[in-house]
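Worksheet: one structure, shown below.
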């Protein structure tokens, strides 16, 4: 079976040692564990800042590093969904203790201490992972104290491993977010990123790209069942989430944002460009 290079770290010159015997490469190496230390970091096809963004790695996400270049790029595999690509080495740091909480709102602020008047260190996107080692309170808020040094208001935190009640409700929080190829945050998101992030918040692991999601998620509807909230509608290279039996939510390049529209309109528009629905899949 041919291994997918999006999900397996191998090149003619270098490969993950775990793939030895499955692929050909001049050198095999063990991955070095590191962690994302910036709000979000672009994972690119090639080690250059103008290369296409494939996906994003979020704050606190673990990676395996197979190569680091003198130009400041690391060839990595994300541990959450196994995606492989190049990331700026400056976005990575050593792994510390495991995460205790995740960011449960579209975006929050990481303060240098328990005081909302302090200049924030950075914004943290939904799904970012933090390690809370204590609590503090002032007249304005209660905080989870994170390591390394930082503070996040407690109402924006959820226990790691907990799950949102409904992934569609999570996805609706991205309504109006700009469309960004490979994006996974409120600064920009794409269709499969929206599905992946929303499902992750509901405790459901999903692969990154639409073709992977179409193969892995739910069961295919025969086409005669009435659609319902949470059904996933797939085109080649695109996916959307049904809000009810008629309205589709999707991050798309037509609106250049995450938008709601009647499924019938989306089908008609894409059909006019020669793209038909390939399947509708139901979770659960």
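Just so it is clear, none of the values below were taken in a lab; they were calculated from the coordinates. Nothing here was measured: the structure is a model prediction, and the numbers come from that model. Using ideal geometry, Cβ is built from the backbone for each residue, glycine included, and neighbour counts are taken over all protein chains shown.
Couple of notes before you dig in:
- Computed as a quarter of the hull surface, the mean projected area of the alpha carbon convex hull for the range 167-282 stands at 6.2 nm².
- Estimated inter-spin distance, residue 166 and residue 82, nm [label 7 Å along Cα→Cβ]: 3.2
- Rounded to the nearest whole angstrom, the semi-axes of the ellipsoid equivalent to the range 14-93, taken from the Cα gyration tensor as √(5λ), stand at 20, 14, 11, largest first.
- The mean of 1/r over all pairs of different alpha-carbon atoms in the range 49-146, once inverted, gives a Kirkwood hydrodynamic radius of 15.2 Å.
- For the chain, the direction-averaged projected area of the alpha-carbon convex hull comes to 16.7 nm².
- Among beta bridges identified by DSSP and lying wholly in the chain, the antiparallel ones come to about 95 percent.
- Estimated 222 nm signal from helices in the chain, with DSSP H stretches of n ≥ 4 weighted -39500 (n - 2.57), rounded to 500: -3500 deg cm²/dmol
- Likely footprinting exposure, 255, 27, 156, fewest C-beta neighbours within 10 Å first: 27, 255, 156
- Computing FRET efficiency as 1/(1 + (r/R0)^6) for residue 268 and residue 38, where r is the C-beta to C-beta distance and R0 is 45 Å, gives about 0.65.
- P(r) tail fraction, the range 101-159 - alpha-carbon pairs more than 18 Å apart, %: 18
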